[in-house]
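Visitor: Let me begin by handing over the structure; questions about it come next.
Laboratory data are not the source of any read-out in this text; all were calculated from the coordinates shown. Model, not experiment: these values are computed from the prediction. Here Cβ is always computed from backbone atoms with ideal geometry, including for glycine, and neighbour counts include all displayed protein chains.
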Amino acid sequence: MVKKLIDVAEGIVRADFEYWVGKYMDKFYERLEKQQFIAIKCPSCNKVYFPPRKVCGECFKTIPLENCWVDLATTGTLVNFTATNYSVMERRKKKNEKTTIIGLIKIDGSDTAIIYPVLDVQEKDVKLGMKLDVVWNKKIAGSPGDIKGFKPVGGT
Ligand SMILES: [Zn+2]
């Protein structure tokens, strides 16, 4: 005897969903909403993560959610960068006339770096090690998009 195990139904399945970023990133985004930076410090090896993470990438210990948070300034140092005439977000767009600087920025007081545009600077004036300060977007929503980019401290 053969038993039929599978039925096939064709059509569109609508599946609305929401996801939660977790307790660590939730606290991080709460602070971004207040236009502040917060990091988490591993109590075992003292590495400071911005943005925070639950497990230390250095010593692999779980970082407790309580009593390990560190307030940071909104300034940092440019540790690497690239210059591009192509849009990062719109892959179908043709080459732009304007060059965008994408920086790897180590926030002061942290041991990790984040990637954001470096604003208000010409490519010829970008220098590794230059001090940068955050530029907030006009619309703040408690998300990575709250940060528009970083600009040189005191101009170029
Ligand atoms: Zn650690």
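Visitor: Which residues make up the longest stretch of the chain that has no GluC sites (Glu not before Pro) in a DSSP loop with at most 16 other Cβ atoms within 10 Å?
Guide: 98-156
Visitor: What size of dipole, in debye to the nearest 20, comes out for the chain about its Cα centre when the only charges are +1 on Lys and Arg C-beta atoms and -1 on Asp and Glu C-beta atoms?
Guide: Here the chain has a charge dipole of around 380 debye.
Visitor: In the range 23-152, with Lys and Arg counted as +1 and Asp and Glu as -1 at Cβ, which of these residues, N85, F50, I115, has the Cα nearest the positive end of the dipole, that is, farthest along it?
Guide: Farthest along the dipole direction, towards plus: N85.
Visitor: Considering only T74, T112, T99, give the residue with the highest GNM mean-square fluctuation for the chain, with springs between Cα atoms whenever their separation is below 10 Å.
Guide: T99
Visitor: Leaving out same-chain residues fewer than 8 places away, which lysines sit with a Cα under 21 Å from that of K98?
Guide: Result set, ordered by chain and number: K124, K127, K148, K151.
Visitor: Helix 23-33: angle to the longest alpha-carbon principal axis of the chain, degrees 0 to 90, nearest 10?
Guide: 50
Visitor: Further question on the same structure: Step through the residues of the range 96-113 one at a time and calculate ³J(HN,Hα) from phi using the Karplus curve (6.51 cos²θ - 1.76 cosθ + 1.60, θ = phi - 60°), rounding each to whole Hz and writing x for Gly and Pro.
Guide: 7, 6, 7, 8, 9, 9, 10, x, 9, 10, 8, 6, 4, x, 10, 10, 10, 10
Visitor: Ok, one more. Which is the longest part of the chain that has none of the chymotrypsin sites (Phe, Trp or Tyr not before Pro) sitting in a DSSP loop with at most 16 other Cβ atoms within 10 Å?
Guide: 87-156
Visitor: Okay, moving on. Connecting C-alpha atoms closer than 10 Å in a GNM of the chain, tell me which of S110, S143, S87 has the biggest fluctuation.
Guide: Maximum among the listed residues: S87.
Visitor: Under 5 Å between amide H atoms, partner at least 5 residues away or on a different chain: which partners does K148 have, H built in plane at 1.01 Å?
Guide: Under 5 Å from the amide H of K148 lie the amide H atoms of V135, W136, N137, each far enough along the sequence or on another chain.
Visitor: Compute log10 of I(q)/I(0) for the chain with the Debye formula, placing one identical point scatterer on every Cα and leaving out solvent, at q = 0.10 Å⁻¹, to two decimals.
Guide: Each listed q corresponds, in turn, to -0.49.
Visitor: Do the sum for the chain: with -39,500 (n - 2.57) for every DSSP H run of n ≥ 4, divided by all residues, what is the mean residue ellipticity at 222 nm, to the nearest 500 deg cm²/dmol?
Guide: -2000 deg cm²/dmol
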